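Below you'll find the structure, written out as structure tokens, and then a few comments.
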Amino acid sequence: MIELIDVSKSYSLKGVRKDLFSRLSFRFEQGRNIGVMGPNGAGKSTLLRLLSGAELPDRGQIRRNVRVSWPLGFAGGFNGSMTGLENVRFVSRIYGQNTEYVINYVEDFSELGKSMRLPIKTYSSGMKARLAFGLSMAIDFDCYLIDEITAVGDANFRRKSKTALEQKLDHSRIIMVSHSQETIKSYCDCGLLLTHEGLTYHDDVESLLSAYKASCA
Amino acid sequence: MKDLLKLQLRVLGALMLRETRATFGTSQLGYLWAIATPALGVAVFVVVFGAAGRRPPFGASLALFFATGMLTLEFYKKLSTALMTTFNANKALLTYPAIKESDTLFARALLISSTYLVIMFLFYGTLILLGMASLPFHPEQFALAFASVCLLGMAVGTFNAVMLSVWESWLHIESIFSRPLIIISGVFYIPSNLPPVAVDILKWNPVLHLIEWIRMGYYSNYNSTVLDKGYLVSFSLLMLLIGLIGERLTRKQRAGL
């Protein structure tokens, strides 16, 4: 269960101040898979960063009593001059995992072969996404925060990630940001619509999708 | 609480291994150079001054006197400048919620300090083997002095890192401040023997106190009239406090960029 209590978050860049959330309170129930939709710039990725704890709110509290993943996105927290293997080892150490197990899993999942021993900066974005996704699947979390990552890669990789993610859903929950209605439909059972006006909760996906369509129109 | 401590140790351990790889490269040669460079720097000075017929300002060994000054100064400078660029180098890491920017500072400081522990061990060890020095006379004072180099270096390094992250020109301004250190820190002379009017000015320089303390620990009778441990430690703690508060206050600004 993750709970936002009276959370405010704003950015100011080059003197332009942008309020993303003001005094937002919301409870993410553990039993549900939640889709997050909304236009660009509404704060979806920031919401995931706040939920993971990578970023602190300006005010308010965020409570977690489950193991939450880092936000799984395209770029990830990879160091470009280090090899795929070194990056995997590093993350597995931070999370106190069995490094050998994680490496084997990622090698098997990402199918990067010898590229695992090359610096990340030589990877294509598809390769990076495969590595990032494989790495996050190798570690057991109660809640996975997913930022569009399933939308990358070729058909084979997408099938594989779908299978892996579905297996995870037996024990874990996901909070997923996506623009794809198909993706949201296949993974989520409720959702949040995040627009510049604020946040609304929808208890089923159909109502989320129609509200999303209406907000885009 | 116990879990938090475990997490902290895990994060620091992983970061140190990563820093080792990033700093020294993949080859053992990289680490060898990191250890050899400061030591060779001192050696060059000793040879040049020795050839010029310079007599050691204190004790019987020119090499020992310069080493207590130069290695201490190099150690401090390495900490204060290498920590400065930590935030930029580790931006990608902040994806992982367990890692905070202060962890990257601590990990780098730990790695540098342990490297200098090895450097000093090897350099002083070599001098002892060559009969140019004895063991430190007051090892507990020497150890405390070493720790205070870590503390001051960490404090100024943290301050520098925060300053650089809000103001790019700090890179150049810092080098203006740190360049005269080799002259005003007592590396080549005994501060206690200077005229009082010079001492009154130089004693504001905390690095001078570091070197004095190291020498008090190494020599049996290096009676510094200048060393003020209270000033050194309070200065370091104050800088660390300012640095850490600054880190907290400017964190959001760095995340937004």
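Descriptive notes on the structure:
- Springs join every pair of Cα atoms under 10 Å in this Gaussian network model of chain B, and among B:Phe159, B:Phe24, B:Phe58 the largest mean-square fluctuation is at B:Phe24.
- Proxy reagent accessibility, fewest Cβ within 10 Å first, across B:Phe188, A:Phe133: B:Phe188, A:Phe133
- Charge dipole (debye, nearest 20) of chain B; +1 at Cβ of Lys and Arg, -1 at Cβ of Asp and Glu: 500
- Only the Cβ atoms of Lys and Arg (+1) and of Asp and Glu (-1) were treated as charged; on that basis the dipole of the protein assembly as shown about its Cα centre amounts to roughly 520 debye.
- Loop-located trypsin sites (Lys or Arg not before Pro) in the stretch A:1-99, at most 10 other Cβ atoms within 10 Å (DSSP): A:Lys14
- Distance from the stretch A:38-59 to the stretch B:209-257 (C-alpha centre basis), Å: 37
- In degrees, nearest ten, helix B:28-51 long axis to first principal axis of chain B (Cα): 30
- Remark on chain A: hydrodynamic radius 18.1 angstrom, per the Kirkwood mean of 1/r across alpha carbon pairs.
- Per-residue ellipticity at 222 nm from helix content only, as computed over chain B with -39500 (n - 2.57) for each DSSP H run of at least four residues, stands at -25000 deg cm²/dmol.
- Shape of the stretch B:2-256, Cα gyration tensor, a/c cut at 1.5: prolate
- Cα-projected label distance for A:Ser12 with A:Arg63, points at 7 Å along beta-carbon direction, nm: 3.2
- Shielding value for A:92-100 is 4, the average number of Cβ atoms from other chains within 10 Å of each residue's Cβ.
- Taking a ≥ b ≥ c as the square roots of the eigenvalues of the alpha-carbon gyration tensor, the stretch A:1-90 is classed oblate because a/c is 1.5 or more while a/b is no larger than b/c.
- Sites B:Tyr31 and A:Thr122 - FRET efficiency at Förster radius 25 Å, r taken between beta-carbons, to 0.05: 0.50
- Rounded to 10°, Cα long-axis angle of helix B:206-218 versus longest principal axis of chain B: 60
- Remark: relative contact order (chain A) = 26 percent; criterion is Cα-Cα distance under 8 angstrom and separation of 6 or more residues.
- Between the C-alpha center of the stretch B:21-48 and that of the stretch A:80-100 there is a gap of 28 Å.
- Across peptide A:83-90, the average count of Cβ atoms from other chains found within 10 Å of a residue's Cβ is 3.
- Inverse of mean 1/r across different Cα pairs in the stretch A:121-217, Kirkwood, Å: 14.7
- Where GluC sites (Glu not before Pro) fall in DSSP loop in the stretch A:25-101, at most 11 other Cβ within 10 Å: A:Glu29
- Compared with the dominant Cα axis of chain B, that is its longest principal axis, helix B:101-129 is turned about 20°.
- For chain A, built as a Gaussian network whose Cα springs stay under 10 Å, the top-fluctuating residue of A:Val66, A:Val88, A:Val177: A:Val66
- Largest mean-square fluctuation among B:Val46, B:Val166, B:Val207, in a Gaussian network model of chain B whose springs join Cα atoms under 10 Å apart, belongs to B:Val166.
- Taking the Cα centre of the stretch A:100-211 as origin and assigning +1 to Lys and Arg Cβ atoms and -1 to Asp and Glu Cβ atoms, the resulting dipole is close to 680 debye.
- In summary, the stretch B:195-257 shows an alpha-carbon radius of gyration equal to 1.61 times the 2.2 N^0.38 Å reference for compact globular proteins.
- Taking the centroid of alpha carbons for each part, the stretch B:62-139 and the stretch A:168-200 are 49 Å apart.
- Signed unit charges on C-beta, dipole axis of the protein assembly as shown, positive-most listed residue A:Met1, B:Met132, A:Ser45: B:Met132
- Cα gyration tensor shape for the protein assembly as shown, rounded if a/c is under 1.5, else prolate or oblate: prolate
- Dipole axis of the stretch A:75-140 (+1 Lys, Arg; -1 Asp, Glu on Cβ), positive-most option in A:Gly113, A:Ser125, A:Ala138: A:Ser125
Each value in this text was obtained by applying a stated rule to the coordinates, not by laboratory testing. Model, not experiment: these values are computed from the prediction. Cβ atoms come from the backbone with ideal geometry, glycine included; neighbour counts cover every protein chain shown.
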